[in-house]
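The structure appears below as structure tokens.
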Amino acid sequence: MSRFDRVITIVMDGLGIGPAADSARFGDAGADTLGHIAEYMGADWRLPNLQRLGLGNIREDDEMIGITPVTAPRAAYGRMAEISASKDSVAGHWEMMGVPVTEPLALFPHGFPRELIEKISNFAQRPVIVNKPYSGAAVIHDYGEQQRSTGALIVYTSADSVLQIAANVDILPLDELYRICAYVRSITTKPPYRIGRVIARPYTFMAPDDFTRTSDRRDYTLKPTSTTVLDRLQAAGVSTYGVGKINDIFSGMGLDDGVHTTSNHDGMAQTLRVVRSGRGGLIFTNLVDLDAKYGHRRDPAGAARSLEEFDHDVGTLLPELGDRDLLLITADHGNDPTFHGTDHTRELVPLLAYSPSLVSATEHDAPALLPLGIREPFSDLGATILDNFGVDNGPFGASFMNALNAEPAMA
């Protein structure tokens, strides 16, 4: 029998919580997404619902400004450390689901080879411009006019294993952009072009300082290289539902169904809708705004607003959870908006595990919630989900279910 009927896992994309042991190897020594956002906002900044869960307790030895520990956190708390040879969303999510990316994906710090660009151009029957690392907002600012006048594809990359194609939807219809990206995905699955993600980046454009990246982004990822936690759950008859870009990250593998979203708030609204529906199993949510809209754009004030909105939405979700629900909140990597460059940062990520049935340290003679420490690898999260549903784990990860002092009511 499952300990919890339902596990709701929310990934706050890009919410690092301080340096990992290998941060320097990735050029990210000193990165601290949440700590630096808090420092930027000052001592009066608060995330009350997340703090009540124990967000501030995670770093009791290194307190963050404003995000202070509470005496009796409502959740078990800790951090997770990644072992994948990458720091992007695919690696982070795959590792959570039991498949670390142990071999580096292809990187193109100087742009893509001519022969690949020619294949893209010939298929699309359009010229290709840019072809170098670029910030997503800056590339539209700098090349949007040229794209509008020529109909070219804006192709660019970053420090991660991504090939991104940006296009003005008034010039290139969305379905055509998707068709081109699907083709590019089909020719970049093997070396030397083993690229983690091909990303469609649609936008509307009036002028260099007047454009909008639409919510119709689509990620075309590699298929997971081995059996994931999602596959194992599905094979065991446990329902799996993806919210946000989860379906894209796993190429639909291991998911019964799900929904794309337009924003973090929409992602939380969709999660709440599924919770209220009474659906059991795993609900797996990705919230991308902190990363895509504020981290990459190095906007700490916007990042703070995004976290405030998330905190408010968490406050709406918590009362909807019952004793046989387990909520896991974590992240896939860092994206420090105060750091140099515009790319992800290699950091530890937060881990909060909450259920109304978890025993608080303030309750009579009850054992306190155990700190979860630093869980390595991220696969410990997936192993815990499998443990809950009585499904055998794969080669990576160890369950922390025994650290959760809970006695859910019998179904």
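In region 3-10, is there at least one residue being surrounded by fewer than 15 Cβ atoms within 10 Å (Cβ to Cβ) and part of a loop (DSSP other than H, G, I, E, B)? No, region 3-10 has no match at all. Each residue in region 318-338 was checked for being in a helix (DSSP H, G or I) and either crowded, with 24+ Cβ neighbours inside 10 Å or free of Cβ contacts under 8 Å to residues at least 60 places away in the same chain (or both), and 2 of them qualify. Do the conditions hold for ALA20, that is, is it farther than 23 Å from MET401 by Cα and either under 20 Å from the mean Cα position of the chain (by Cα) or open to solvent by 10 Å² or more (accessible area, probe 1.4 Å) (or both)? Yes. Taken together, ALA106, ALA76, ALA91, ALA72 contain a single residue that is over 19 Å from ALA303 (Cβ atoms), touching a strand residue (DSSP E or B) at 6+ places or on another chain (Cβ under 8 Å) and open to solvent by less than 40 Å² (accessible area, probe 1.4 Å), which is ALA76.
Residues in region 139-176 that are over 18 Å from ASP219 (Cβ atoms), in contact with a Lys or Arg (Cβ under 9 Å, 6 or more places away or on another chain) and of a type in the set (Gly, Ala, Ser): GLY151, ALA152. Here GLY397 meets each of (1) modelled with pLDDT of 95 or more; (2) not in a loop (DSSP other than H, G, I, E, B) with one exception, condition (2). Taken over region 307-335, residues that are over 30 Å from PRO19 (Cβ atoms) and of a type in the set (S, T, N, Q) amount to 1. Restricting attention to region 111-119, does a residue exist that is in contact with a Cys (Cβ under 9 Å, 6 or more places away or on another chain) and farther than 30 Å from LEU327 by Cβ? Within region 111-119, not a single residue is in contact with a Cys (Cβ under 9 Å, 6 or more places away or on another chain) and farther than 30 Å from LEU327 by Cβ.
Test SER226 against the criterion of being among the polar types (S, T, N, Q), in contact (Cβ under 8 Å) with a residue 12 or more places away in the chain and not in a helix (DSSP H, G or I), and give yes or no. Spelling it out, SER226 is indeed among the polar types (S, T, N, Q), in contact (Cβ under 8 Å) with a residue 12 or more places away in the chain and not in a helix (DSSP H, G or I).
Say we look at region 232-258 and pick out the residues that are open to solvent by 40 Å² or more (accessible area, probe 1.4 Å) and outside any loop (DSSP other than H, G, I, E, B); which of these is nearest to ASP216 (Cα to Cα)? Of everything passing the filter in region 232-258, ASN247 is nearest to ASP216 (Cα to Cα). Across region 269-296, the number of residues qualifying as out of contact with any strand residue (DSSP E or B) (no Cβ under 7 Å at 6 or more places or on another chain) and farther than 26 Å from LEU222 by Cβ comes to 7. Which of (1) outside any loop (DSSP other than H, G, I, E, B); (2) under 22 Å from VAL101 (Cβ atoms) does GLU176 not meet, given it meets every other one? Result: GLU176 fails condition (2) only. Of the residues making up region 47-63, those that are over 21 Å from ASN402 (Cβ atoms) and part of a helix (DSSP H, G or I) are PRO48, ASN49, LEU50, GLN51, ARG52, LEU55, GLY56, ARG59. Could you tell me whether GLU60 is open to solvent by 30 Å² or more (accessible area, probe 1.4 Å) and within 26 Å of the chain's Cα centre (by Cα)? Yes. All conditions but one from (1) surrounded by fewer than 22 Cβ atoms within 10 Å (Cβ to Cβ); (2) out of contact with any Pro (no Cβ under 8 Å at 6 or more places or on another chain); (3) at pLDDT 95 or above; (4) closer than 26 Å to SER251 by Cβ apply to GLY111; the one that does not is (2). Taken together, the residues in region 308-317 that are open to solvent by 30 Å² or more (accessible area, probe 1.4 Å) and within 20 Å of ASP291 (Cβ to Cβ) amount to 3.
Checking every residue in region 118-141 against the condition of being hydroxyl-bearing (Ser, Thr, Tyr) and either open to solvent by 50 Å² or more (accessible area, probe 1.4 Å) or touching a Ser or Thr at 6+ places or on another chain (Cβ under 7 Å) (or both) gives at least one match.
Apart from one condition, GLY341 fits all of (1) in contact (Cβ under 8 Å) with a residue 60 or more places away in the chain; (2) in contact with a helix residue (DSSP H, G or I) (Cβ under 9 Å, 6 or more places away or on another chain); the exception is (2). Summed over region 191-223, the residues that are assigned to a strand (DSSP E or B), in contact (Cβ under 8 Å) with a residue 40 or more places away in the chain, open to solvent by less than 20 Å² (accessible area, probe 1.4 Å) and hydrophobic (A, V, I, L, M, F, W, C) give a count of 1.
The values are calculated or read from the model by the stated rules, or taken from the named source; none is laboratory data. Source: prediction; values computed, not measured. Every residue, glycine among them, receives a Cβ derived from its backbone with ideal geometry; neighbour counts consider all protein chains shown. Areas reflect the complete protein model, heavy atoms only, side chains present, ligands, DNA and RNA absent. Shrake-Rupley method; radii C 1.70, N 1.55, O 1.52, S 1.80 Å.
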